[in-house]
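Scroll down for the structure; my scribbles are underneath it.
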Amino acid sequence: MLLKNWDKIKVYDLTLNTNHMTPPWPTYEPLNVKYFKRLAPNGANGMIITTSNHVGTHLDGPQHFDTGGRDIASLEMEKLVGPGVVVDISDIAEDWSIYTPQDLMDRADIRKGDIIFIYTGYHKYSLDGETPDERRYMLRHPGPSVDFPDWMKEMELKYIAVDAGSADHPMNTKIRDWEPLEAERCDAFMRERYGKGLNEIYKWPDTYQAMHIWVFPQPWEIIHVECLGGEIDIVPKNKRMILGTFPWKFQYGESAFCRCVAFDTVE
């Protein structure tokens, strides 16, 4: 049946181009590449790369925040590919803003066991984007509310993906310590917008990196992809389709580069 209808399937690549200029998540080692052989005199080109796993579009695996968690190679394809939706929340996304489970459910038909790709529009600030801005992309993107992890558990989501630097709010990560001036600006924004300060909304240490620490361990193992890109601007939004993430089969790997894809039906 699938082969007979393959001409009715449109495939969207939702992956950033990755190269030595691609910014890693702050403080992580960037990708470095060099030739170790060339066509002349070796008869073939060959490269060596050194990198951390958190550069460009990548899958944060269970071991990233869980010592006893599974490695990337152990993740079944049934976990990585399945029904879901690309939810467009770009209409409410701004620097340091907060989105909620209700924001997603108001826009799309989300079901138990789904895969959710979240489109904030902040892809435009990636190196691949229309208006590249590394600081805005990594330090000021929107993030989820504190009740988001519990909602993901209730929905038994396979995993989520975002088109920004982290699945956590940037100021619910170590960036808050590393960038105190940005944290002050975020605090002022939150007081004006939400009537509460940064540490009232994301109380440390209780909520620190909740989108990692609260959901990566068993029995939930709700992991995520960060830095979606590619055709993320044009893929159909708020429509149910098949979504997939394809990391290399990295044994003992805590995370991995990956390719993210949406499979849509066309008439």
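The figures follow:
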read-out: Qualifying position, being in contact with a helix residue (DSSP H, G or I) (Cβ under 7 Å, 6 or more places away or on another chain) and in a loop (DSSP other than H, G, I, E, B), among Gly230, Gly253, Gly244; value: Gly253
read-out: Meets criteria (polar (S, T, N, Q) and surrounded by fewer than 23 Cβ atoms within 10 Å (Cβ to Cβ)) for Thr131; value: yes
read-out: Which listed residue is surrounded by fewer than 19 Cβ atoms within 10 Å (Cβ to Cβ) and of a type in the set (Val, Ile, Thr), from Ile222, Ile234; value: Ile234
read-out: Subset of segment 125-149 [more than 16 Å from Phe189 (Cβ to Cβ) and assigned to a loop (DSSP other than H, G, I, E, B)]; value: Ser126, Leu127, Asp128, Gly129, Glu130, Thr131, Pro132, Asp133, Val146, Asp147
read-out: Filtered residue count, segment 93-124, keeping only those that are assigned to a helix (DSSP H, G or I) and surrounded by fewer than 15 Cβ atoms within 10 Å (Cβ to Cβ); value: 2
read-out: Identity of the residue in segment 68-110, in contact (Cβ under 8 Å) with a residue 60 or more places away in the chain and charged (D, E, K, R), that ends up nearest to Asp163 (Cα to Cα); value: Asp88
read-out: Unique match (being touching a Leu at 6+ places or on another chain (Cβ under 6 Å), at pLDDT 95 or above and under 20 Å from Met241 (Cα atoms)) among Gly84, Gly113; value: Gly84
read-out: Matching entry among Val33, Val11 (being of a type in the set (Val, Ile, Thr), without any contact (Cβ under 8 Å) to a residue 24 or more places away in the chain and closer than 30 Å to Ser255 by Cα); value: Val33
read-out: Failed item, numbered, when Ala40 is tested on (1) in a helix (DSSP H, G or I); (2) touching a strand residue (DSSP E or B) at 6+ places or on another chain (Cβ under 9 Å); (3) of a type in the set (Gly, Ala, Ser); value: (2)
read-out: Selection status of Asp147, farther than 24 Å from Cys258 by Cα, exposed (fewer than 15 other Cβ atoms within 10 Å of the Cβ) and touching a residue at least 60 places away in the same chain (Cβ under 8 Å); value: no
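The values are calculated or read from the model by the stated rules, or taken from the named source; none is laboratory data. Given the structure is predicted, the values throughout are model-derived calculations rather than measurements. Please note: Cβ atoms are built from the backbone with ideal geometry, for glycine as well, and neighbour counts cover all protein chains shown.
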